[in-house]
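Since the structure comes first, as structure tokens, the remarks are kept for the end.
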Amino acid sequence: MGTTQSGILGGRLPLGEYESNFSDLHPPLDKHEALVASDRCYFCHDAPCMTACPTSIDIPLFIRQISTGNPIGSAKTIFDQNILGGMCARVCPTETLCEQACVRNTAEERPVEIGRLQRYATDVAMRENKQFYTRAETSGRRVAIVGAGPAGLAAAHRLAVKGHDVVIYDARPKSGGLNEYGIAAYKSVDDFAQKEVDYVLSIGGIEVRNDQALGRDFTLADLSEQHDAVFLGLGLAGVNALRLEGENAEGVDDAVDFIAALRQSKTKADIPVGRRVVVLGGGMTAVDAAVQAKLLGAEEVTICYRRGKEHMNASEFEQDLAASKGVTIRHWLQPKRIAEKDGKVAGIELEYTTLEDGKLTATGETGIIAADQIFKAIGQSFLGAGLGALQLEGGRIVADAEGRTSLANVWAGGDCVLGGEDLTVSAVAMGRDAAESINRAFAAAAPRASAVA
């Protein structure tokens, strides 16, 4: 069997297994299932689910529209607040947001399936290429957006609707940001991220320039000079280092790079994985990397997290998903040293931790887990080259509630902003709200000569 092979290898499984392993995590509802699921909604007047949604989608309304046989109307209700509602329906941790707030939990401990219903409606609209918005008359204003991720795309769409011309600059060859490169392959199948990008861009008035990186190909000053406003939706491109002995050994990899490679692979068989894999971290990235390592044929996959189960950023659903796929999650362990042999990973030495007076403390007790591959998923950092005098704090961009930064005519949103929540849906809300703020600023200013002409 291929899975008995040691080292980091591709093709550990028969080809057919990859397709099965990486199939849709939550298969879409059909029409009948959507009607049954929608009938469970109480259509609350002061709906707690709506309050729990970062984009404030009118959830009772869109579910009522589904229940009355109007999925297209339902999709418009969703897209009015969240133009990336299709992807959010797939990747949002609904179990800690809208569905956790659902009043059905009190009576039945089973919420309305809000995420799957949202996917049903948005899928119908996108499949029929139903466009709900038309551009206003051109304003003559030009806005530069840095980053074609959720924040940038949401801002671009809203600005284009208002009649402004938008140019998006993105460092990667494909648009979509984390939706394209940063989530587990089984959460978004059939190249959905690119289909959604195409749907968003179809409003018109948006030009995308890929392979263009801030600080390498242009600066913020360049953009400010050439455009009437700038929106920074840069995300987090850096990966935190372990700063441990052996970190440079062959087989120590960044989880985000592993996930990105899987997202771009057609068959998944070409992605090498170890026989015994250790993932360091406690967030969604750690779970995504661990589960996919198992789906690629790794025999043993262990997540090691330095705090307890209740402290993990990954939701309880994600933790249970990992366990169901055969991933072992071990808590109260922090990495101490990576063991290597002939320059390759042989294992990892970990030290037990505990909380003393609320402070994480090492106990001095250690142990070694054998491994031939280690993934780092201990958080990402902001890389802010080319930003000039823009105010940063804690390694992030400082922005107010509207996304305004310390520089005139420069807004920011998403993970790159201080206080960003590392959620697609939150990034969408910040991009959308910044676009509205930019539009208000344009309206308050004197009209441009080109617009008058």
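General observations
- Label positions at Glu225 and Glu247, each projected 7 Å from the Cα along the C-beta direction, are separated by 3.7 nm.
- For the stretch 69-83, the Karplus equation 6.51 cos²θ - 1.76 cosθ + 1.60, evaluated at θ = phi - 60°, returns couplings of x, 10, x, 5, x, 4, 4, 5, 4, 5, 5, 4, 9, 8, 5 Hz by residue, with Gly and Pro reported as x.
- What the stretch 357-412 shows is 52 Å² of accessible area per residue, with the surface traced by a 1.4 Å probe over protein heavy atoms.
- Once both labels are positioned 7 Å from their Cα atoms along Cα-to-Cβ, the gap between Val103 and Lys266 label points is 5.2 nm.
- Paramagnetic reach from Lys344 in the stretch 267-285 [backbone N under 15 Å; point 7 Å along Cα→Cβ]: 272-277
- Fully extending the segment from Phe43 to Arg307, taken as 0.36 nm per residue of separation minus the present Cα-Cα distance, adds 91.1 nm.
- With a 1.4 Å probe rolled over the protein heavy atoms of all chains, the accessible area of Glu196, Glu99 falls in the order Glu99, Glu196, largest first.
- The H on the amide N of Val301, modeled in the peptide plane, is under 5 Å from the matching H of Val277, Thr328, each at least 5 residues off or on a different chain.
- Straight-line cross-link reach from Lys266 at under 26 Å between alpha-carbon atoms covers these lysines, not counting any fewer than eight positions away in the same chain: Lys174, Lys187, Lys195, Lys294, Lys325, Lys376.
- In the stretch 285-357, the trypsin sites (Lys or Arg not before Pro) that fall in loop regions by DSSP, at most 13 other Cβ within 10 Å: none
- Taking the C-alpha atoms only, the angle from helix 192-201 to the longest principal axis of the chain is near 20 degrees.
- Here the extension length gained between Arg440 and Thr134 equals 108.3 nm, from 0.36 nm per residue of separation less the Cα-Cα distance.
- Charged neighbours of Ser324, selected by a Cβ distance under 13 Å, balance to -1 (K, R count +1; D, E count -1).
- Among the GluC sites (Glu not before Pro) within the stretch 336-427, those in coil by DSSP and having at most 14 neighbouring Cβ atoms inside 10 Å are Glu421.
- The modelled label-to-label distance for the pair Asn70/Leu355, using points 7 Å beyond Cα in the direction of Cβ, is 4.8 nm.
- Amide proton proximity set for Ala346, modelled H, under 5 Å, gap of 5+: Ala339, Glu340, Lys341
- Surface exposure of the stretch 161-216, expressed per residue as accessible area with a 1.4 Å probe, stands at 38 Å².
- Whole-Hz ³J(HN,Hα) from phi, Karplus 6.51 cos²θ - 1.76 cosθ + 1.60, for the stretch 294-304, glycine and proline x: 5, 5, 7, x, 4, 6, 10, 10, 10, 8, 10
- Added length on full extension, which subtracts the Cα-Cα distance from 0.36 nm per residue, Leu25 to Asp198: 60.0 nm
- Probe 1.4 Å, all protein chains present, accessible-area order of Val287, Val91, largest first: Val91, Val287
The values are calculated or read from the model by the stated rules, or taken from the named source; none is laboratory data. The shown structure was predicted, so the numbers you read here are calculated from the model rather than taken from an experiment. So basically every Cβ, Gly included, is an ideal-geometry build from the backbone, and we count neighbours across all protein chains shown. We work out accessible area using only protein heavy atoms, side chains counted, and drop any ligands, DNA or RNA first. Shrake-Rupley method; radii C 1.70, N 1.55, O 1.52, S 1.80 Å.
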